[in-house]
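One structure is given here, and the rest of the page talks about it.
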There are 2 protein chains.
Amino acid sequence: MSTSDSRQRRKQARPAELMAAALDHFVQRGFAATRLEDVATQAGVSKGTLYLYFGSKEMLFKAVIQQGILPALEEGETLLSQHQGDARSLLQALVLRWWAMVGSTPLGGIPKLMIAEAGNFPEVAQYYYEQVIVRIRSLLRRVLQRGIEAGEFRPLDMESCIDVILAPPLMLAIWRYSLVPQGCGKQDPETYLNTHLELLLNGLSVRE
Amino acid sequence: MSTSDSRQRRKQARPAELMAAALDHFVQRGFAATRLEDVATQAGVSKGTLYLYFGSKEMLFKAVIQQGILPALEEGETLLSQHQGDARSLLQALVLRWWAMVGSTPLGGIPKLMIAEAGNFPEVAQYYYEQVIVRIRSLLRRVLQRGIEAGEFRPLDMESCIDVILAPPLMLAIWRYSLVPQGCGKQDPETYLNTHLELLLNGLSVRE
DNA sequence: CAAAACTGACTGACCGGTCAGTAATGTAGC
DNA sequence: GCTACATTACTGACCGGTCAGTCAGTTTTG
C-alpha cells in the first residue's frame, strides 16, 4: 500500500491533487488570502513542486475553474437530449442531478469563488460566462420552450424565468460555502430544492 | 463653493466618505486584495488620515458592513407593521422597496462581500447572520403566515419558501457586482423582479 | 550513475500600520 | 484689522512582516 504515502514521486497524480487542495482554499479564503504554501502542504508536497505543475498562482486559479465545471455541463446536455417524458419531470431531473453532481460536492464552491473573484480576473469571468452560464441558460431555454409548446407551461418572459429557476439552487450552493461553515444554520437541502421545484412548477403551470 | 475642495479639514464628513470608498473597493476586489492607500485616495485623503478614523483594516470592514444595512431593515419592518391590504401586495411591496433602497444602490454589493468574506471573518458573519438574515427571514415568515391564515397562500414548508423568495433578488444584486461589470449581459432588473413575483405569487396561490 | 521528481531556504516586491512633521484653523492680545 | 501662539486635522516617508516566485541542492527511480 503506497497510494497516498508521502515522499513518493507521482508525477501524474499531482495536478489533480493540487487543484483539489487549491479549490478548497480558494473557496474558503478567497484567491488573495490563499497561501500557496498551504495549498502545497495540503496536497502533500512542497511549494516548489506546485511550481513544477502550474506556472503561477493565477494559472492555478484558471485551471481550477476550467476543469471543475465542464464534465457536469456535458452530463446535463446529454440528459436533455435523451429525456422522453414531459418538461416538468425533465426540469426536476436536471435540478436534482445538478445537486448530486455539483452542488453537494466541493465543485459547489465554484460559483461562490467565481462571483467573489470576477472583478480581479475579467478574462476568467468572461470564459466562465461564455462556457458555463450561457450554456446552462441555453439548456434551460430549450426545456422551457418544450414545456410551452406542449402546453404545459405559461408563456412568461423566458430569460427572466431562466434566472428565477437558477437562483435558488445557486444560492443554496453559495450558502453552503459561506455562512453555513460559520455555524449559521440551514435546513435540509433536499427539502429546500423540492419546495423550490414545487413552487416553480406550480407557478409555471397553465391553470386548467 | 468649497464643499468638496481638497485640502480642507472636514472631520465630520470623513468617516462616511471613507466607508463609501471602502465599500466600493471591497465589493469590487475583495477584502484582502483591497489596498487602504487606494481607499484613502478615492476618499480624497491620505492613508494616515484613514487611521485617524478607523483602528485597522478589519475595523473598517466591520464598520462598512454594520452601518450599511440596518436603516433598510428598519424600513422593511415599519412597512410590514403599517400595511393594510392583502399579503400578496405586501410581499410585492417589500421586494420592490428593497430593490429601490438596497439592490439598486452601492449597498447592493454587501451580500456579495459578506458571502465572499464570511470564511475570513467568522464574527462578522455571525453578526450579519443574527442582525440581518434572521430578521429578514422573520419578516418574511410573518408575511407568509398572514397569507396562509387569510387563505391566500398554500401551506408549504415555510422555511424553504422564505429562502426561495429571497434567492432571486439576492442573486440579482450579487450578479450586478460580479459578472455584469465584466460585460456579461443582464436584462432589465425590473422585468426580472416582476417575473419572479409573478411566478412566486402564482406558485404560492391556492387554486380556486 | 544519469535523469527526473522534489525540496525548502532565499529574495524582492508589496502593503498594513506608525509617527515625526506640516498646514489649516482657532483664538487671544493688540 | 494684524500678529503670535495653540490646537488639531492631515500627510507621506518609513518600518517590518508576509508571501509569490526562484533555484541550488537532495532524493528517488530506472
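Couple of notes before you dig in:
- B:Leu80 being of a type in the set (A, V, I, L, M), assigned to a helix (DSSP H, G or I) and more than 16 Å from DNA strand C (Cβ to nearest atom): yes
- Any hit, the range B:44-55, residues being modelled with pLDDT of 95 or more, assigned to a loop (DSSP other than H, G, I, E, B) and of a type in the set (Phe, Trp, Tyr): yes
- Only one entry in B:Gly109, B:Gly76 is within 14 Å of chain A (Cβ to nearest Cβ) and either closer than 19 Å to B:Arg176 by Cα or in contact with a helix residue (DSSP H, G or I) (Cβ under 9 Å, 6 or more places away or on another chain) (or both), namely B:Gly109.
- B:Val64 being over 19 Å from the mean Cα position of the chain (by Cα), buried (at least 18 other Cβ atoms within 10 Å of the Cβ), assigned to a helix (DSSP H, G or I) and not polar (S, T, N, Q): no
- Among the residues making up the range A:49-82, those that are closer than 23 Å to A:Gly119 by Cβ and near DNA strand D (Cβ under 10 Å from one of its atoms) are A:Phe54, A:Gly55, A:Ser56, A:Lys57, A:Glu58, A:Met59, A:Leu60, A:Phe61.
- For the range B:23-56, filtering for residues that are touching a Leu at 6+ places or on another chain (Cβ under 7 Å) and within 12 Å of chain A (Cβ to nearest Cβ) leaves 2.
- The requirement of being within 19 Å of the chain's Cα centre (by Cα), small (Gly, Ala, Ser) and facing chain B (nearest Cβ under 7 Å) is satisfied by A:Ser178.
- Here the range A:33-48 is the region considered, the condition is being more than 15 Å from A:Val64 (Cβ to Cβ) and surrounded by 15 or more Cβ atoms within 10 Å (Cβ to Cβ), and the residue that is nearest to DNA strand D (Cβ to nearest atom) is A:Ala33.
- Check on B:Asp163, in contact with a Ser or Thr (Cβ under 6 Å, 6 or more places away or on another chain), at the interface with chain A (Cβ under 7 Å from one of its Cβ atoms) and not hydroxyl-bearing (Ser, Thr, Tyr): no
- Search result, residues across the range B:6-31 that are near DNA strand D (Cβ under 9 Å from one of its atoms) and of a type in the set (A, V, I, L, M, F, W, C): B:Ala13
- Residue in the range B:119-131 that is in contact (Cβ under 8 Å) with a residue 24 or more places away in the chain and within 16 Å of DNA strand D (Cβ to nearest atom) present: yes
Conditions (1) in a helix (DSSP H, G or I); (2) surrounded by fewer than 21 Cβ atoms within 10 Å (Cβ to Cβ); (3) within 8 Å of chain B (Cβ to nearest Cβ), marked per residue:
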site: A:Leu139; (1), (2), (3): yes, yes, no
site: A:Gln145; (1), (2), (3): yes, yes, no
site: A:Glu159; (1), (2), (3): yes, yes, yes
site: A:Met171; (1), (2), (3): yes, no, yes
site: A:Thr195; (1), (2), (3): yes, no, yes
site: A:Leu199; (1), (2), (3): yes, no, yes
site: A:Asn202; (1), (2), (3): yes, yes, yes
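- Taking the conditions (1) of a type in the set (D, E, K, R); (2) more than 7 Å from chain A (Cβ to nearest Cβ); (3) in a helix (DSSP H, G or I) in turn, B:Lys186 satisfies each one other than (3).
The values are calculated or read from the model by the stated rules, or taken from the named source; none is laboratory data. Note that this is a predicted model, so its numbers are computed, not measured. Glycine also receives a Cβ, built like all others from the backbone with ideal geometry; neighbour counts cover every protein chain displayed.
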